[in-house]
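These notes concern the structure reproduced below.
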Amino acid sequence: MRVNRIYRWPSPKAVLAVIIAAVCSFSDAFAQGDAMLTHYWAVPTYYNPAAVGETDYLRLRGGSRLQWVGIEKAPKSFLAAADLPFKFADRKWGAGIVAQQESMGLYRNLTINLQLGYKFKLLKGELTLALQGGYLNEQFKGSEVYIPDDDDFHEPDDEAIPTRDVAGSAFDFGIGAYYRRGGSWLGVSLLHANNPTVTFTADGKGSDGIAGGIASGDMEKKFEFTASRVLYFTAGSNIKVKNTLLEVIPSMLVRTDFTFTDIELTGRLRYNRMFSAGIGYRYKDAVSFMLGAEFKSVFFGYSYDYNLNDIAKASSGSHEIFAGYSIKLDFSEKNRFKHKSIRIL
């Protein structure tokens, strides 16, 4: 969903109207199931399935993004991810799961993906090739549609808008490659590679058979949502400052659906592998400020985004909170139990 390009609408009411209009115009959606996170570096498997198992830990991550605080029904995203490395047939693998729920105006989506990656040595580094597949569910609260009288795009009886709640689901597929050498990494992935389409049929049932309750006047109508194929590129590095406990960590995220492109640049400074602070820039959208803390196996991060467009007139900004826990895994031959039970404090 290309929501960050509607900044020419400064009032909350107008912004909400455009969000609803854009959601109803399903063919204009940009990566509607993908959030552009400031903490993209903390949840790499969300954007690239090949980032699974890149450490010797079982990594658990979760958090939320509250976008455009102060605007009614602005986007909200909740994310949970887990991944780990393992050995099978004397080969290194990685596996993971990612789940996300997002709300935006009257639109809701839920995605759950399983990920599997194969690892091998390449040019003194490690390359991972991975696949992911899962469940994409779309919902639209047509019963709550409200179109302002001054909306120049849609009439109150616009046939492109469902008049009742509708829902449906489809299979979603993605691929990725991820290369790490020392403290540097880069990755490329294609999500929604099968261009999944969710169809809400005229009898009120979606493509998964879920009742949507479409009004009798809509019996000849057919509503669809198609997720665009989206290409992601990520890169970054951990640069140690000589004779200090400091690390400089630059990173970037680029996404494109081959029509629109987003670029996010981030620079973080970490002290003693415990405390970090950083700034980021999302092209023509926002400047972000972030703080983080790590203690043993626990991670916590917070970020604030200040918009650089007219959305700033109606919103106090966007907030993200992420937390995580890592469990060390031991795959050595001397460890007869392969892993240990660890009590989480």
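The values are calculated or read from the model by the stated rules, or taken from the named source; none is laboratory data. Computed from a predicted model, the values in this text were never measured in an experiment. Ideal geometry is used to build each Cβ from the backbone, glycine not excepted, and the neighbour counts take in all protein chains shown. For accessibility, only protein heavy atoms count, side chains too; no ligands or nucleic acids. Shrake-Rupley method; radii C 1.70, N 1.55, O 1.52, S 1.80 Å.
Under the condition of being acidic (Asp, Glu) and surrounded by fewer than 20 Cβ atoms within 10 Å (Cβ to Cβ), which residue from segment 309-330 is modelled with the highest pLDDT?
Asp310
Residues checked against (1) at pLDDT 90 or above; (2) at negative phi; (3) surrounded by 20 or more Cβ atoms within 10 Å (Cβ to Cβ); (4) among the hydrophobic types (A, V, I, L, M, F, W, C):
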site	(1), (2), (3), (4)
Asn194	yes, yes, no, no
Met219	no, yes, no, yes
Phe223	no, yes, yes, yes
Ser228	no, yes, yes, no
Lys242	yes, yes, no, no
Val254	yes, yes, no, yes
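Looking at Gly292, Gly278, Gly324, Gly236 in this structure, which one is touching a residue at least 24 places away in the same chain (Cβ under 8 Å), out of contact with any Ser or Thr (no Cβ under 8 Å at 6 or more places or on another chain) and not in a loop (DSSP other than H, G, I, E, B)? Can you show your working first?
Details: Gly292 fails: out of contact with any Ser or Thr (no Cβ under 8 Å at 6 or more places or on another chain); Gly278 fails: out of contact with any Ser or Thr (no Cβ under 8 Å at 6 or more places or on another chain); Gly236 fails: out of contact with any Ser or Thr (no Cβ under 8 Å at 6 or more places or on another chain).
Testing whether each residue is touching a residue at least 24 places away in the same chain (Cβ under 8 Å), out of contact with any Ser or Thr (no Cβ under 8 Å at 6 or more places or on another chain) and not in a loop (DSSP other than H, G, I, E, B) leaves just Gly324.
Let me confirm something: among Gly63, Gly70, Gly53, which residue is touching a strand residue (DSSP E or B) at 6+ places or on another chain (Cβ under 6 Å) and either modelled with pLDDT under 95 or not in a strand (DSSP E or B) (or both)?
Details: Gly63 fails: either modelled with pLDDT under 95 or not in a strand (DSSP E or B) (or both); Gly70 fails: touching a strand residue (DSSP E or B) at 6+ places or on another chain (Cβ under 6 Å).
The match here is Gly53.
Here are some residues: Phe289, Phe275, Phe258. Which one is modelled with pLDDT under 95, open to solvent by 60 Å² or more (accessible area, probe 1.4 Å) and hydrophobic (A, V, I, L, M, F, W, C)?
Working: Phe289 fails: modelled with pLDDT under 95; Phe275 fails: modelled with pLDDT under 95.
Phe258 is the lone residue from the list that is modelled with pLDDT under 95, open to solvent by 60 Å² or more (accessible area, probe 1.4 Å) and hydrophobic (A, V, I, L, M, F, W, C).
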